[in-house]
Amino acid sequence: MAGSPAAERGQAVRRRLLEAAVELVPERGWSAVSTRILAERAGVTPSVVHYHFPSLQALLIEGVLGAMREVAGAFEPALETIDTPEEAVDALLASVGEYSGVDPMSSLFAEAYLTATRDDTLRQGIQEILAGLRARFGGWLAERGVAEADGTAGVLLATVDGLLLHRALEPESDRGVTAAVLRRLVN
């Protein structure tokens, strides 16, 4: 039964495993996360990892994609409260304002993007997240008359990813100039 105490305990263990994956990938790097290390972080035995997931890689992918969906989804509510494409650029930049480029979530994205170059399942999952966000943002821009709205949305979203990578290397980069340049894309 889905509501039984055993099922609830199983779901709690599964959540702890996914949370441990999201913590460990940025801390250690994707390839340095082992079943033993992950199980230890989650407070379970290594065999429990394989009871809940077909492989360590499957667990890491599910955890990381879940975290990426949350971050991607954080921008969308802003589109309901703003009116102009220029405000959308500002909202997009604000949605990643808390990320320094070296914080755990920025590192998680960098690790995931790099790993996706070698893992088709992860690549497809990230592509789905990006395609969904690009479609929603592109539709919003199209409703406001932005030329080549889907392409513009894609460029803006990719630019934000690049800005976060650069932020890790150049933390003092001028974000004011960036916003002004990106606003011109939507005029």
Subset of the stretch 118-133 [open to solvent by 40 Å² or more (accessible area, probe 1.4 Å) and either under 16 Å from A91 (Cα atoms) or among the basic types (K, R) (or both)]: R118, R123
Test: residue in the stretch 134-155 that is of a type in the set (S, T, N, Q), crowded, with 19+ Cβ neighbours inside 10 Å and farther than 26 Å from I61 by Cβ: yes
Qualifying residue in the stretch 3-15 (condition: surrounded by 12 or more Cβ atoms within 10 Å (Cβ to Cβ), out of contact with any strand residue (DSSP E or B) (no Cβ under 6 Å at 6 or more places or on another chain) and small (G, A, S)): yes
Check on D119, over 15 Å from the mean Cα position of the chain (by Cα) and closer than 23 Å to L60 by Cα: yes
Any hit, the stretch 41-53, residues being touching a residue at least 60 places away in the same chain (Cβ under 8 Å) and surrounded by fewer than 21 Cβ atoms within 10 Å (Cβ to Cβ): no
Unmet criterion (only one of (1) of a type outside the set (S, T, N, Q); (2) touching a Leu at 6+ places or on another chain (Cβ under 6 Å); (3) part of a helix (DSSP H, G or I)) for P77: (2)
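The values are calculated or read from the model by the stated rules, or taken from the named source; none is laboratory data. If you're wondering where the values come from, they're calculated on a predicted model, not measured in any experiment. Ideal geometry is used to build each Cβ from the backbone, glycine not excepted, and the neighbour counts take in all protein chains shown. Side chains included, ligands, DNA and RNA excluded: accessible areas come from the protein's heavy atoms. Shrake-Rupley method; radii C 1.70, N 1.55, O 1.52, S 1.80 Å.
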